[in-house]
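Here is the structure we will look at, set down as structure tokens.
Where a number appears in this text, it was derived from the coordinates with a stated rule and is not lab data. The model shown is predicted, which means the values in this text are computed figures rather than measured ones. Here the Cβ is made from the backbone with ideal geometry for all residues, glycine too, and neighbour counts use every protein chain on show.
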Amino acid sequence: MPTDVIMPQMGESIFEGTITKWLKQPGEKVQRDEPLFEISTDKVDAEIPAPASGTLQDIKVQAGATVQVNTVVGTIAGDGEAAAAPAAKAGGDGAGATQSQAAQQPRGEEPSAMKRDLPADLSKDEKTGLERQQQGKVEEMDETGERERVRSSPLVRRIAKENNVDLSKVPGTGLGGRITKDDIEAFISKHGAGAPAAAQPYAPPAATPSYAPPQQPAAPAMPAVTTPLLPVGGVTPGEIVPMSTMRKKIAEHMVMSKRTSAHVHGIFEVDATRIVKIRESMKGKFEQATGNKLTFTPFFARAVIHAIRKWPIINSSMEGESIHYHPTINLGIAVALDWGLIVPVVKSAEERSFVGLQRAISDLGERARTKKLKPEEVQGGTFTITNPGIFGAEFGLPIINQPQVAILGVGGIKKKPVVVTDRDGNDSIAIHSMMHFSIGYDHRVIDGAVADQFMAELKKFLENWNEELL
């Protein structure tokens, strides 16, 4: 018997998921535990492995659909079953029609393979309405039949039109030879765009022609622009796409946070020269001994843990009209993904050594990027660190990650001339590695004086880092 592929339950509080992408298509071989499709929930994006080896027989739920957990979304057949499946469909009980039979149906008449059984309890008017909807779909397919001979999506056809590409020359790798967005982009990248189509600027009916009159001296000929219009940042200019499930959840969470918390921000400049030198001198030995690259994040995490111990209200949350002081420090580390932002959590961070912090941060970050996180690994955070400085920002003013009451923004490290005072009180100018930290806090719970003292403690800890903490 074929093996059912079901929508898994990714956590106790998760009851549905959205299929964002199928990594295999019907007829393709799959191995047990090989990534089969991707899902998005209100907690994480994840790759779902195949429950068995064989051939993907069919896809019952297409990408973009949201279904409840335990719903059958596809089936995997064993090798013998996969070979027998086409014969069973072709010589069945007559309920379906072959492609050649469907093609012989008169225009406007729905092929039997496309008809859907209507529920018996529907009224006559309801049945008539559904039948008309089905008939409309068939007519729409007939009207676009000329285009569908070269199977492609409207987006692909638009990219082809903009770059003057003949789709009949583009090999399709999608199901049934369908030309995908990747196919057209790869073709344009390899062969370039065709001859540019004539520009068609808008003009009123009686307007002057858009070309220059013959008697006017012609402008010097410009070389034809053959640079293809390829996607920028994963999208095509002018394209309209629906928000992903993750994008929707981020939007809801951020707007809710701004409405909930009285946001205030403070910015501190920190001399990072000491930790920069320590990291530079230790990163080789550290990676050799632990198997992990030494980043700056565990330095910041250790400083946060130290400062929270002195100012525990930073590690709290508001519950009704009460303040909950959390017994453990669960550090959320924001990870930027190509498709959004996620905040995996290092649980009980105060119990971990410096090496343990680096290992946990590296592991969670890698699994976030490969969609291997579990829902519980992005829940329960009590304080968040986000790092806009990785892309060069001086600092950011981050939004609090509810239900937390504070968040730390880490700016970029830059060498700058600074005034240095020695023990005798003499001033001089030196080049130091400087950076800015920003704290966003909920003024309902935290006063400015507390936030500033927390940041002052963090600054002191980083500027006087003890090498024995490694």
Exercise for review: Return P(r) of the range 270-365 (all Cα-Cα pairs; 5 Å bins starting at 0; whole %; ordered from short to long distances).
Suggested key: 2, 11, 20, 20, 19, 15, 8, 3, 2, 1, 0
Check your understanding: Please identify the trypsin sites (Lys or Arg not before Pro) of the range 253-326 that satisfy two criteria: DSSP loop assignment and at most 11 other Cβ atoms within 10 Å. Which are they?
Key -> LYS293
Check your understanding: By how many nm would the segment from SER428 to VAL255 lengthen if fully extended, with 0.36 nm per residue of separation less the alpha-carbon distance?
Key -> 57.6 nm
Revision key, fill the gap. Over 25 Å (Cα to Cα) among LYS283/LYS459; LYS181/LYS293; LYS277/LYS372 -> LYS181/LYS293; LYS277/LYS372
**Study point:** Sparsely packed GluC sites (Glu not before Pro) within the range 255-357, loop by DSSP, other Cβ within 10 Å at most 15
**Key:** GLU321
**Study point:** Sites ASP363 and HIS443 - FRET efficiency at Förster radius 30 Å, r taken between beta-carbons, to 0.05
**Key:** 0.30
**Study point:** Cα Rg over Rh - the range 329-447, Kirkwood
**Key:** 1.07
